[in-house]
Amino acid sequence: MRRKIYNKLAEWKQDGAGRTALLIDGARRVGKSYIAEEFAKTEYKSYIMIDFNRANQDIKNLFTDYLDDLDTLFIYLSNYYNTKLYMHQSLIIFDEIQMFPKARAAIKYLVADGRYDYIETGSLMSIKRNVKDIVIPSEERHIKMYPMDFEEFLWAQGNEMIFSLITEHFLSIKPLGQALHRKAMDYFRQYLIVGGMPQAVLEYCQTRDFSRVDSVKRDILTLYRADISKHAKGYELKVESIFDKIPAQLQKREKKFKLSSLKKEARFRDYEDALFWLGDSMITNICYNSSAPDIGLRLNMDRLTLKCYMADTGLLISHAFDENGIVSEELYKKLLLGKLEVNKGMLMENIVAQMLAASGHKLYFYSNPSRNDASSRMEIDFLIAKQKTTDRHNVSPIEVKSGKSYSLSSLRKFMAKYDAQASTPYVLHPSDLRSDAGIIYLPLYMTPLL
């Protein structure tokens, strides 16, 4: 499957390979190993892929026994994998590098040697047990890999044109028109319910069978649960309890994650490691409250007030609607036709978070629950900062609406109170693009263009 991250790999090969190794960080089953191997096949004369989830102890020992004798190390690797290595024309892939941190530490010496290029793939890269007793090499360049975005989903469907047209209308702030908008929303709803996990997308493209797609997604969720049990040692029950509560928390009107729903009098410090684990695994997208919508949203971040989204909305659907062990074909059809009213807001806000994260945005929202000042009491779904900072108007508020009838009281309060700080306000909704009274109303499928 065609992925945009391939271009980033090509840029690294052009200007960074030889001086750095490339570390691709992402959730399990997001396509890291696939894209690394496809890149190796296309861009190099030969490659070796070492899967540390399967590698035997003899292979692992090479990275401790022969770091001071790299000639012998490469002879063993070449012979074991029956692959000839060519100076400056071969790539060595360390797959699932988190399973053997000592190989990650060896990157420092391998890059300094300069004979070959190196790509690492992994998840849970910052978890304590995966960095314990190693010096993290400064010779790593990190990139994050997310589920397939909307444009990649369209490519997988064989549609190479529609997103370019969507982009043109976004830039010119012109509506698409009824026919084109309806077609784009049909594709968007398919993306919403299938999600962006490559296996699920492939199954959908090949079969158009939602039951089979749902089975693929459930296999991934089962894998995530197994990872929690295996890798979240010491706080696996807390991680699992947060994971299980995500759909219930998101379907509430106020989608802030309430620790009290897990355990009475639960404290943030008791669950901080569990939340970090889910964020670091990239199973979830954590969105923090920024108490002041000003330059440097991170500087005003309230770590105690957060929303916890699933990193893939297709997985959220399979996670949320599991009463019978599988989401029915009928429910999928209602979602596809936009006729399922229950939980629609949860899904729309989750997929906006997913698309913003994939576009490189850190996730922030604004919440002020003031009981004393009605003009200050508001909640804005997302805040994004402009790429270029200026003296004023640096932060855009974003409201997400799942239906065609809605009010914008919080958005109007926000614009009135933070006139100097606020940039263009956006409403993401199911209807076509329009601009009115300084607010730009965008169809949901334009979110990646913000």
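Of the helices (runs of 4 or more DSSP H) contained entirely in segment 1-86, those carrying at least 2 residues that are under 20 Å from residue 149 (Cα atoms) and not assigned by TED's automatic domain parsing to the domain that holds residue 278 fall at 5-15, 32-43.
Is one or more of the residues making up segment 374-397 touching a residue at least 60 places away in the same chain (Cβ under 8 Å) and either charged (D, E, K, R) or in contact with a Cys (Cβ under 7 Å, 6 or more places away or on another chain) (or both)? Yes; the residues of segment 374-397 include at least one that is touching a residue at least 60 places away in the same chain (Cβ under 8 Å) and either charged (D, E, K, R) or in contact with a Cys (Cβ under 7 Å, 6 or more places away or on another chain) (or both). With respect to (1) surrounded by 15 or more Cβ atoms within 10 Å (Cβ to Cβ); (2) under 30 Å from residue 332 (Cα atoms), the lone exception for residue 179 is condition (1).
Of all residues in segment 275-296, how many are in a helix (DSSP H, G or I) and surrounded by fewer than 22 Cβ atoms within 10 Å (Cβ to Cβ)?
Total satisfying the criteria: 4.
Condition (residue is in contact with a helix residue (DSSP H, G or I) (Cβ under 6 Å, 6 or more places away or on another chain), surrounded by 15 or more Cβ atoms within 10 Å (Cβ to Cβ), aliphatic (A, V, I, L, M) and not assigned by TED's automatic domain parsing to the domain that holds residue 351) applied to segment 116-124: is it met by at least one residue? Yes; the residues of segment 116-124 include at least one that is in contact with a helix residue (DSSP H, G or I) (Cβ under 6 Å, 6 or more places away or on another chain), surrounded by 15 or more Cβ atoms within 10 Å (Cβ to Cβ), aliphatic (A, V, I, L, M) and not assigned by TED's automatic domain parsing to the domain that holds residue 351. Please verify whether residue 270 is assigned by TED's automatic domain parsing to the domain that holds residue 188 and either farther than 30 Å from residue 24 by Cβ or among the polar types (S, T, N, Q) (or both), treating the condition exactly as stated. Yes; evaluated as a whole, the condition is true for this residue.
Yes or no, residue by residue, for (1) closer than 25 Å to residue 2 by Cβ; (2) assigned by TED's automatic domain parsing to the domain that holds residue 332; (3) in contact (Cβ under 8 Å) with a residue 24 or more places away in the chain:
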{"site": "183", "(1), (2), (3)": "yes, yes, no"}
{"site": "193", "(1), (2), (3)": "yes, yes, yes"}
{"site": "199", "(1), (2), (3)": "yes, yes, yes"}
{"site": "211", "(1), (2), (3)": "no, yes, yes"}
{"site": "215", "(1), (2), (3)": "yes, yes, yes"}
{"site": "222", "(1), (2), (3)": "no, yes, no"}
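Report the residue count in segment 339-385 for those that are under 23 Å from residue 148 (Cα atoms) and of a type in the set (Gly, Ala, Ser). Summing the residues that are under 23 Å from residue 148 (Cα atoms) and of a type in the set (Gly, Ala, Ser) in segment 339-385 gives 6.
The values are calculated or read from the model by the stated rules, or taken from the named source; none is laboratory data. Because the structure is predicted, anything quoted here is derived from the model rather than measured. Using ideal geometry, Cβ is built from the backbone for each residue, glycine included, and neighbour counts are taken over all protein chains shown.
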